[in-house]
Structure formats: structure tokens, C-alpha cells
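The values are calculated or read from the model by the stated rules, or taken from the named source; none is laboratory data. Keep in mind it's a predicted model, so treat the numbers as computed, not measured. Methodologically, a virtual Cβ is constructed for each residue, glycine included, from the backbone with ideal geometry; neighbour enumeration extends over all protein chains shown.
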Amino acid sequence: MLKKRLIFSLLYDSGNYMLSRNFSLQKVGDLDWLMNNFDYDSIGHSIDELIILNVGRQEKNTALFCKELRKIAGKYFMPIAAGGGILSLEDAANIILSGADKLVLNTALFEMPNLVSRLVDTYGSQCIVASIDYKQCDSSVYINNGSKKSDNTDLFEAVKYVEALGCGEIYLTSMDNDGTGEGFDLETLKKISLITKLPIIAYGGGGRYDHFVKVYNECNIEAAATADLFNFMGDGLMETRRFIENSNIPMAKWDIDFFRNNHG
């Protein structure tokens, strides 16, 4: 049986990490804050993948982002997907060279499809994650960090479009549920899983352990992600994984108690 994945997302903006609620950002702290408040070894043995997104609204400093990415990548032995502001082959190459295993694309999907095709040719479909941000009221798709409605493209068209572009995975974000901690958009996830063969990462609304179990059980998705820096501090991610495993969800197995006893 295909294993499900638990993913943690970090939202980065000009040297700081952010909380997001309905795509409104609030600064939390820099990398030192993360180091002081999160057990990096614990995180590394609790999640299957880390996603790091450069979400700044101003012109993005890719060089600074890559420097931050290198610091974080040096602490993990797991896949890292990174993106935000990828506008050229050079941007993509620098992110890969800084420790990312996958590239996350959003605005470029709809405004620079030729670049996306070249990235697929260069790195392979498995390396390209299509990040689609949507609103539930009319299934509209947004780009530019959620600030601009994509022209003439609804969610279902967008899913088929990125699959045709050659992307290998979809990071599907409910802007309405983002940061609410009230659960994932199950109805939309169910519908999307029926029209694509691509793996789906559900994002937006995961705030409790049972939210993950519910989305895995009720939706045909491969992964679920959270960026909640407070609900999952301390042993939160470890306990989330334990709760999921105890709910008979097929996950890659980590011996959490052994890890605690030998790395405490």
C-alpha cells in the first residue's frame, strides 16, 4: 500500500519566518528563533519532506533565500522542496545547488510556461511541484503570493493544465482555510483527486492531529502539510505522526521512542 507523507512547510520572507492566515503574513522570527524553539532532530525524524517557500511580497532576494536554504538543508537528511520567485533557469539552478531536491512553482506556471517546460526537461517531472492557490467560492486560482487572480483559469482547468505542462506533483492550497486550523478543504480535494493522476499535497487548515487522519481517510491524496509554527512546536510533529500511525494510516515507520531515548 502506498505510504502517506507528512510535510512541514516553512514560510520565509527577507530573513524571517512567517505565519499566514488567509495569505495575510505575520512575522514570527528568524532562523535563530526557529533553532531555539524547534528541535531540529525531532522534526527530521517526524516528517517525510520539508517545503520552504519564499513568500515575500516585495521583489525577492533569491541569493539571500538560497543562503538560508543552505543553512537548513545542512541539518536535514530528507527531501526538501523550495520555491518562490523562480523566474529563470539560473534561479532554479541556484535553489537546487543550495540543497533543494524539488522546485516549487506558482506564478511561473501561468505566466512563464516555457520556463516550466525547460525546467521539466532539465530536472525531470518528479522535481517540479505545481503550487496552486485557490479560493473556494468560485474555484478561482491566484498567483503572485495570492495577490492576483489568474486570468480565465479556474481550479479544475489549472490542475489539468499543470499536468499537461509536465509537473510531477501538486501542492494545493486553500486560501480560505490557510492558517485557520479548522481542517482541510475535503470536498475540493475529493473532486480534484478524480481529475488528475498527479500526487496531491493538501495544504491549508491542518491544525490538529485528527485533521490529518481525516484528510488521509476521506480524500485520495498522497500527502498533507502544515505551516503552523505554534501548534506543532516541541514534540508536536512527532505526536502528530504517532497519532496518524495509531489511526492505521500507512506511513513510513520511524521508531520515535528509540530516537527519544538515544537523542534526548
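What are the pairs with Cβ atoms under 7 angstrom where one residue, in the stretch 13-28, is touching a residue at least 60 places away in the same chain (Cβ under 8 Å) and the other, located anywhere, is crowded, with 19+ Cβ neighbours inside 10 Å and part of a strand (DSSP E or B)? Sequence gap at least six, or different chains.
Within 7 Å, the pairs are Tyr17/Leu10; Tyr17/Leu11; Ser20/Leu11; Val28/Tyr17; Val28/Met18.
Asp185 versus (1) touching a residue at least 24 places away in the same chain (Cβ under 8 Å); (2) acidic (Asp, Glu); (3) out of contact with any strand residue (DSSP E or B) (no Cβ under 8 Å at 6 or more places or on another chain): which is the lone unmet condition?
(3)
Sort out which residues of the stretch 60-100 are part of a loop (DSSP other than H, G, I, E, B), modelled with pLDDT of 95 or more and within 17 Å of Leu31 (Cα to Cα), and write them in order of number.
Ser98, Gly99
Checking the conditions here, which among Ser117, Ser150 is surrounded by fewer than 18 Cβ atoms within 10 Å (Cβ to Cβ) and out of contact with any Cys (no Cβ under 8 Å at 6 or more places or on another chain)?
Values: Ser150 fails: surrounded by fewer than 18 Cβ atoms within 10 Å (Cβ to Cβ).
Going through Ser117, Ser150 in turn, the sole match is Ser117.
With the condition being within 24 Å of Tyr12 (Cβ to Cβ) and at pLDDT 95 or above, I'd like the helices (runs of 4 or more DSSP H) fully within the stretch 135-251 carrying at least 1 qualifying residues.
Values: elements: 155-165, 186-193, 209-218, 236-246.
Ranges flagged: 155-165, 209-218.
Can you pull out the residues in the stretch 1-59 that are in contact with a helix residue (DSSP H, G or I) (Cβ under 9 Å, 6 or more places away or on another chain), within 20 Å of Asp133 (Cβ to Cβ) and part of a strand (DSSP E or B)?
Phe8, Leu10, Tyr12, Tyr17, Leu50, Ile52, Asn54 - these are the residues of the stretch 1-59 that are in contact with a helix residue (DSSP H, G or I) (Cβ under 9 Å, 6 or more places away or on another chain), within 20 Å of Asp133 (Cβ to Cβ) and part of a strand (DSSP E or B).
I'm checking my understanding of the structure. Among residues of the stretch 11-42 that are crowded, with 20+ Cβ neighbours inside 10 Å and of a type in the set (A, V, I, L, M, F, W, C), which one is farthest from the chain's Cα centre (by Cα)?
For the stretch 11-42, the residue satisfying everything is Met18.
Determine the pairs where a residue that is of a type in the set (S, T, N, Q), located within the stretch 29-55, has a partner that is surrounded by fewer than 17 Cβ atoms within 10 Å (Cβ to Cβ) with Cβ atoms under 7 Å apart, the partner being 6 or more residues away or on another chain.
Asn37/Met233; Ser42/Asp235
Outside any helix (DSSP H, G or I) and among the polar types (S, T, N, Q) - does that describe any residue in the stretch 119-126?
No, because not a single residue in the stretch 119-126 is outside any helix (DSSP H, G or I) and among the polar types (S, T, N, Q).
Test of understanding: among Gly56, Gly85, which residue is touching a Lys or Arg at 6+ places or on another chain (Cβ under 7 Å) and surrounded by fewer than 23 Cβ atoms within 10 Å (Cβ to Cβ)?
The match here is Gly85.
It is to be established whether one or more residues within the stretch 237-245 are without any contact (Cβ under 8 Å) to a residue 40 or more places away in the chain, among the β-branched types (Val, Ile, Thr), surrounded by 15 or more Cβ atoms within 10 Å (Cβ to Cβ) and over 22 Å from Asn54 (Cα atoms).
no
For Tyr134, indicate whether it is among the aromatic types (Phe, Trp, Tyr), surrounded by fewer than 19 Cβ atoms within 10 Å (Cβ to Cβ) and touching a residue at least 24 places away in the same chain (Cβ under 8 Å).
no
Being among the β-branched types (Val, Ile, Thr), in contact with a Pro (Cβ under 9 Å, 6 or more places away or on another chain) and in contact (Cβ under 8 Å) with a residue 24 or more places away in the chain: is that true of Ile170 here?
Spelling it out, Ile170 is indeed among the β-branched types (Val, Ile, Thr), in contact with a Pro (Cβ under 9 Å, 6 or more places away or on another chain) and in contact (Cβ under 8 Å) with a residue 24 or more places away in the chain.
Determine which member of the set Asp133, Asp138, Asp151, Asp101 is within 27 Å of Asn22 (Cβ to Cβ), within 16 Å of the chain's Cα centre (by Cα) and of a type in the set (Asp, Glu).
Values: Asp138 fails: within 16 Å of the chain's Cα centre (by Cα); Asp151 fails: within 16 Å of the chain's Cα centre (by Cα); Asp101 fails: within 27 Å of Asn22 (Cβ to Cβ).
It is Asp133.
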